[in-house]
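The values are calculated or read from the model by the stated rules, or taken from the named source; none is laboratory data. Remember, it's a predicted structure, so these values are computed and weren't measured experimentally. Every residue, glycine among them, receives a Cβ derived from its backbone with ideal geometry; neighbour counts consider all protein chains shown. Calculation scope for accessible area: heavy atoms of the full protein, side chains included, ligands and nucleic acids excluded. Shrake-Rupley method; radii C 1.70, N 1.55, O 1.52, S 1.80 Å.
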Amino acid sequence: MYKISFFFVLILLVASFFSCNSNKKSIFNAENDPIYGIASVQILNPYSNDTLMVFLEDYIPDFSGIDSIIWNAGEYEIKDNILLIKENKLNPLSIINIYKGNDIYSIICKTLFKEEVNLEFVPPVTKTYSTVQIAGDFNSWSPQTAAMIFDGSKWYYKLNLDPGVYQYQLVCDGKWINNPNSTDTVPNGIGGYNTALRVAGTCSYDNLFIDTKSFDDESINLEFSDVPDVLLALWQNQLMPIDLKNFKDFVYKIEIPREAKKLEYSYIRVYASKDKCFYNDVLIPLHFGKVITDTKSLPREDKHTNILYSVLVDRFCNGRYDNDAPLKDPRVEPRANFNGGDLAGIIKQLNSGYFENLGISCLWISPIFRNPDEAYKEFPAPNRFYSGYHGYWPISLTEIDPRFGTEKEFKDLVNLAHDNQINVILDFVANHVHEKNPLYRNNPDWATPLNLPDGRKNIRIWEEYRLTTWFDTFLPSWNFEIPEVTDTISNLAIYWLNKYNLDGFRHDATKHIPEVFWRTLTRKIKTNFPEKSIYQIGETFGSRELIGRYVGSGMLDGQFDFNLYFDARNAFANENSDMQTLTASLYASLNQYGFNHLMGNITGNHDLIRFITYADGGVLPREDDKEAGWKRQIVTKNIKSYQKLRNLFCFIMTIPGVPCIYYGDEIGLPGAGDPDNRRMMIFEELNENQLQTKNIVSRLISIRKNNIEFIYGTTRILESRKGVLVFKRRFFDKESFILINQKNETESILIKKNYIKNLDNYVIQFGSSVKNTADDFVFVLKPYSFEIITKKR
């Protein structure tokens, strides 16, 4: 344990850097790198009440041969391979340098500055309250964490928030209400409204940005909106020499290390800041030292190329009928029973070319663990009986349920998918098991308590008891604070990767599992599969800060970005939506996760009302979406709902991140809440709107897969207003413009000629008409439509 002053560190870093360059030796040596893969950016939260910690084992599996580790931005100590920050100088960008022999390897740290917000509530003179709390998406809707203070005339509470638009309600003596002092409300997604809190920022990615300008075999030119205070460039995990005096007309030239020619694939990364504001980060893939501009040069193992397709096995396709075994229990209605989908059905669709024709590059398979043969009553009212058709009630964590298939069929499925250049990830259930699982029966003390001290059952208390709550009375949650539990369950995950040659996992209920489990599992994956690309994506409903805590080098590659999805759903399901709210949400995600993240951008999932039904008004305002599906047959009545769905697909397929299609969304399959959103997939006798939607989705995927700017390009919003969104993706000379009209009328959208000088060099992918004026190209978009303009190759 030791402490080092900031000024000593700065002198040591400078001296080390120049000593490495004094003999003109190369400063790059990827072979000696102790960091596993490309080090993720370490997010530092200066507003946390807890000690800021960097878990160095997240980055470094083996500390042998490491001479020292130094952070350059304040006082710290290292204890048990954890860097404990004692004093943070609040540098926007800082560096942790790892010294190993003559080489230096670096981890970039980013301090996220927030805006101070004073939220006030003046109650009516006729009302007095004993307690007023705040519940919003900034505190995972947990009122107990935000008690307001009364000063005699008003209630107030101070928050530190990132710029963006937040939803909240007040909880006054236990009653949830919107803030009567505000008229700014937004749809809450379940037929009602929440109060909107709009937080303006002092920084803007519209004003501070980096663009990839040009390159040759030896160097890369980056264009900046302004000269930054700090510029950091890395090849792999090693800092590249930077001198801000070398800027010429806001362009900076970076030399490609000659060592890059030795590696088949490597990366150059760029980060910059000015004052306390950040520029967009840049990620540039190299193939034997040359910039990749053709997506065909990207391997299947490149996680950034993933386009996920979520398959709920029981509801996708019945490939063979001899393993059909629905429960013979009159209490279980057909929609809550096994419907016959199986692994053979997925194999059938692989052989038919369904996924290949759609353009899918990664299948997310729902859990296929053995589930019980009996029905169980759901704890919440109305206490219906269900089967384990979904796979989330495992009575075994090693056996495949015979109703889904066999070990051979799953191996055949994975091999066939790989032959078709499609990855396969499995939904792994780590949080809980069924009470009949032998592992639980033999170790009941490995579970968290079901009965709370106050007499309540610890069931679905999602936030207050986030790390211990049970999903139901028959689904005990594991206590991962017990080392044997963490070790056993993580070993079972490794078992599935080993036995079936999987490409990764979708992890259920991520936020309900302590971080120690995710660190243990990821460390085992790095140790057991050092040469394989394993993609891990989690499921967490909560604030971006909470979601981001589970993403990074020692944790998961990404999580589903539910915050962005809910804002996108509101934007594209409604008419003439405020696209500035969606833009703020997009920037908030990019600020938290980076501009080249691996977060999942979903069209929907198995827990949510189908987007097309939401857009169609198939569920009434304030109606329980689950009960709606039980009460009546939900159908799509309005053609515009298909058009709105296509606009959502356009957005999902053209922004940074990993697109994820929930099965059936590509044809506009309707559905209210669970289980109505889990209908059997249909492949034949599609109506005209379904066929058209499927063809457009396939076209969108093809455009994304064949244009590298959608995978590695920079992102700039050009216009954001009521009903209209325009943005640009660029990767050197490859660029595309995305135009979305969310109005119920034809709209003319302008692109300045300083962006597109010669339209003959571009392809108007979806055939919108265009007018040529003196200063602009005017694209005429039909109601609820989009256009993508790509540069000719």
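Taking the residues in the stretch 50-81 that are β-branched (Val, Ile, Thr) and not in a loop (DSSP other than H, G, I, E, B) as candidates, determine which candidate is farthest from Gly554 (Cα to Cα).
Here the answer is Ile70.
Here is a check on your reading of the model: is Ile461 open to solvent by 10 Å² or more (accessible area, probe 1.4 Å), outside any loop (DSSP other than H, G, I, E, B) and aliphatic (A, V, I, L, M)?
no
Could you identify the single residue in Leu452, Leu416, Leu397, Leu439 that is under 29 Å from Lys499 (Cβ atoms), out of contact with any Asp or Glu (no Cβ under 7 Å at 6 or more places or on another chain) and either open to solvent by less than 30 Å² (accessible area, probe 1.4 Å) or small (Gly, Ala, Ser) (or both)?
Answer to the selection: Leu397.
Consider Cys650 against the criteria (1) over 16 Å from the mean Cα position of the chain (by Cα); (2) within 30 Å of Leu208 (Cβ to Cβ); (3) open to solvent by 20 Å² or more (accessible area, probe 1.4 Å): it satisfies all of them except one. Which criterion is unmet?
Of everything listed in (1) over 16 Å from the mean Cα position of the chain (by Cα); (2) within 30 Å of Leu208 (Cβ to Cβ); (3) open to solvent by 20 Å² or more (accessible area, probe 1.4 Å), Cys650 misses just condition (3).
In the stretch 668-752, which strands (runs of 3 or more DSSP E) lie fully inside it and hold 1 or more residues that are in contact with a Ser or Thr (Cβ under 6 Å, 6 or more places away or on another chain)?
Numbers: elements: 714-721, 724-731, 734-741, 747-752.
Counting at least 1 such residues, we get 714-721, 724-731, 734-741.
Can you confirm whether Asp401 is in contact with a Phe, Trp or Tyr (Cβ under 8 Å, 6 or more places away or on another chain) and either of a type in the set (A, V, I, L, M) or touching a residue at least 12 places away in the same chain (Cβ under 8 Å) (or both)?
Against the criterion (in contact with a Phe, Trp or Tyr (Cβ under 8 Å, 6 or more places away or on another chain) and either of a type in the set (A, V, I, L, M) or touching a residue at least 12 places away in the same chain (Cβ under 8 Å) (or both)), Asp401 qualifies.
Among the residues of the stretch 586-606, which ones are buried (at least 22 other Cβ atoms within 10 Å of the Cβ), among the aliphatic types (A, V, I, L, M) and touching an Asp or Glu at 6+ places or on another chain (Cβ under 7 Å)?
Ala588, Met599
Identify, please: which residue in the stretch 553-585 is crowded, with 23+ Cβ neighbours inside 10 Å and of a type in the set (Phe, Trp, Tyr) and is, among those, nearest to Cys660 (Cα to Cα)?
Of everything passing the filter in the stretch 553-585, Phe560 is nearest to Cys660 (Cα to Cα).
Please note which strands (runs of 3 or more DSSP E) are completely contained in the stretch 229-289 and include at least 1 residues that are touching a Phe, Trp or Tyr at 6+ places or on another chain (Cβ under 8 Å), open to solvent by less than 10 Å² (accessible area, probe 1.4 Å) and within 23 Å of Tyr59 (Cα to Cα).
On the way: elements: 230-235, 251-255, 265-274, 282-287.
Filter on the stretch 229-289 gives 230-235, 265-274, 282-287.
From the list Ile104, Ile96, Ile134, exactly one residue is open to solvent by 10 Å² or more (accessible area, probe 1.4 Å), in a strand (DSSP E or B) and of a type in the set (A, V, I, L, M, F, W, C). Which is it?
Ile104
Residue-by-condition table, conditions (1) among the small types (Gly, Ala, Ser); (2) in contact with a Phe, Trp or Tyr (Cβ under 8 Å, 6 or more places away or on another chain); (3) open to solvent by less than 20 Å² (accessible area, probe 1.4 Å); (4) more than 23 Å from Tyr712 (Cβ to Cβ):
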{"position": "Lys303", "(1), (2), (3), (4)": "no, yes, no, no"}
{"position": "Phe316", "(1), (2), (3), (4)": "no, yes, yes, yes"}
{"position": "Arg331", "(1), (2), (3), (4)": "no, yes, no, yes"}
{"position": "Gly340", "(1), (2), (3), (4)": "yes, yes, yes, yes"}
{"position": "Lys348", "(1), (2), (3), (4)": "no, no, no, yes"}
{"position": "Gly353", "(1), (2), (3), (4)": "yes, no, yes, yes"}
{"position": "Cys362", "(1), (2), (3), (4)": "no, yes, yes, no"}
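Please specify each residue of the stretch 125-145 satisfying the condition of being farther than 30 Å from Pro163 by Cα and modelled with pLDDT under 95.
Val125, Thr126, Lys127, Thr128
With respect to Thr202, is the statement that it is free of Cβ contacts under 8 Å to residues at least 12 places away in the same chain, surrounded by fewer than 18 Cβ atoms within 10 Å (Cβ to Cβ) and part of a loop (DSSP other than H, G, I, E, B) true?
Numbers: free of Cβ contacts under 8 Å to residues at least 12 places away in the same chain: no; surrounded by fewer than 18 Cβ atoms within 10 Å (Cβ to Cβ): yes; part of a loop (DSSP other than H, G, I, E, B): yes.
The answer is no for Thr202.
I need every pair where a residue in the stretch 226-248 that is more than 19 Å from Glu31 (Cα to Cα) has its Cβ under 8 Å from the Cβ of a residue that is assigned to a helix (DSSP H, G or I) and open to solvent by 10 Å² or more (accessible area, probe 1.4 Å), sequence separation at least 6 or different chains.
If the second residue must be assigned to a helix (DSSP H, G or I) and open to solvent by 10 Å² or more (accessible area, probe 1.4 Å), the pairs left are Val227/Leu244; Pro228/Leu244; Leu231/Leu244; Pro241/Phe17; Pro241/Asn21.
Which pairs have Cβ atoms under 8 Å, sit 6 or more apart or on different chains, and link a residue in the stretch 719-746 that is without any contact (Cβ under 8 Å) to a residue 12 or more places away in the chain and among the acidic types (Asp, Glu) to one that is open to solvent by 10 Å² or more (accessible area, probe 1.4 Å) and in a strand (DSSP E or B)?
Correct list of pairs: empty, since none qualify.
Return the residues of the stretch 628-652 that are among the charged types (D, E, K, R) and touching a residue at least 60 places away in the same chain (Cβ under 8 Å); say none if nothing qualifies. Quick ask: steps written out before the conclusion?
Our first condition is that a residue be among the charged types (D, E, K, R); within the stretch 628-652, this holds for 631-632, 637, 640, 644, 646.
Of everything in the stretch 628-652, those that are among the charged types (D, E, K, R) and touching a residue at least 60 places away in the same chain (Cβ under 8 Å) turn out to be Lys640, Lys644, Arg646.
Confirm whether Pro453 is of a type outside the set (Val, Ile, Thr), out of contact with any Cys (no Cβ under 6 Å at 6 or more places or on another chain) and over 27 Å from Phe541 (Cα atoms).
For Pro453, the condition - of a type outside the set (Val, Ile, Thr), out of contact with any Cys (no Cβ under 6 Å at 6 or more places or on another chain) and over 27 Å from Phe541 (Cα atoms) - is not met.
With respect to Ser182, determine if the residue is in a loop (DSSP other than H, G, I, E, B) and open to solvent by less than 40 Å² (accessible area, probe 1.4 Å).
On the way: in a loop (DSSP other than H, G, I, E, B): yes; open to solvent by less than 40 Å² (accessible area, probe 1.4 Å): yes.
For Ser182, the condition - in a loop (DSSP other than H, G, I, E, B) and open to solvent by less than 40 Å² (accessible area, probe 1.4 Å) - is met.
Return yes when Ile425 is under 23 Å from the mean Cα position of the chain (by Cα), surrounded by 14 or more Cβ atoms within 10 Å (Cβ to Cβ) and outside any helix (DSSP H, G or I) and no when it is not.
yes
Looking only at the stretch 330-370, which residues are under 27 Å from Leu439 (Cα atoms) and in a loop (DSSP other than H, G, I, E, B)?
Narrowing the stretch 330-370 to residues under 27 Å from Leu439 (Cα atoms): 336-338, 342-343, 364-370.
Asn337, Phe338, Asp342, Ser366, Pro367, Ile368, Arg370 - these are the residues of the stretch 330-370 that are under 27 Å from Leu439 (Cα atoms) and in a loop (DSSP other than H, G, I, E, B).
Taking only pairs six or more apart or across chains, which ones have beta-carbon atoms under 8 Å, a first residue in the stretch 20-47 that is closer than 30 Å to Arg544 by Cα and modelled with pLDDT under 95, and a second residue that is open to solvent by 40 Å² or more (accessible area, probe 1.4 Å) and among the hydrophobic types (A, V, I, L, M, F, W, C)?
From the stretch 20-47, the pairs are Pro46/Leu90.
Scan the stretch 401-439 for residues that are farther than 30 Å from His304 by Cα and β-branched (Val, Ile, Thr) and report the count.
Looking only at that region, the number is 2.
Listed here are the residues, each with its yes/no results for (1) of a type outside the set (A, V, I, L, M, F, W, C); (2) open to solvent by 10 Å² or more (accessible area, probe 1.4 Å); (3) more than 23 Å from the chain's Cα centre (by Cα).
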position	(1), (2), (3)
Glu688	yes, yes, yes
Thr693	yes, no, yes
Phe731	no, no, no
Lys753	yes, yes, yes
Asn758	yes, yes, yes
Pro783	yes, yes, yes
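To keep it simple, each residue is scored yes or no on (1) more than 16 Å from Arg729 (Cβ to Cβ); (2) at pLDDT 95 or above; (3) outside any loop (DSSP other than H, G, I, E, B); (4) touching a Pro at 6+ places or on another chain (Cβ under 6 Å).
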site: Tyr755; (1), (2), (3), (4): no, yes, no, no
site: Asp760; (1), (2), (3), (4): yes, yes, yes, no
site: Gly767; (1), (2), (3), (4): yes, yes, no, no
site: Ala774; (1), (2), (3), (4): yes, no, no, no
site: Val778; (1), (2), (3), (4): yes, yes, yes, no
site: Pro783; (1), (2), (3), (4): yes, yes, no, no
site: Phe786; (1), (2), (3), (4): no, yes, yes, no
site: Arg793; (1), (2), (3), (4): no, no, no, no
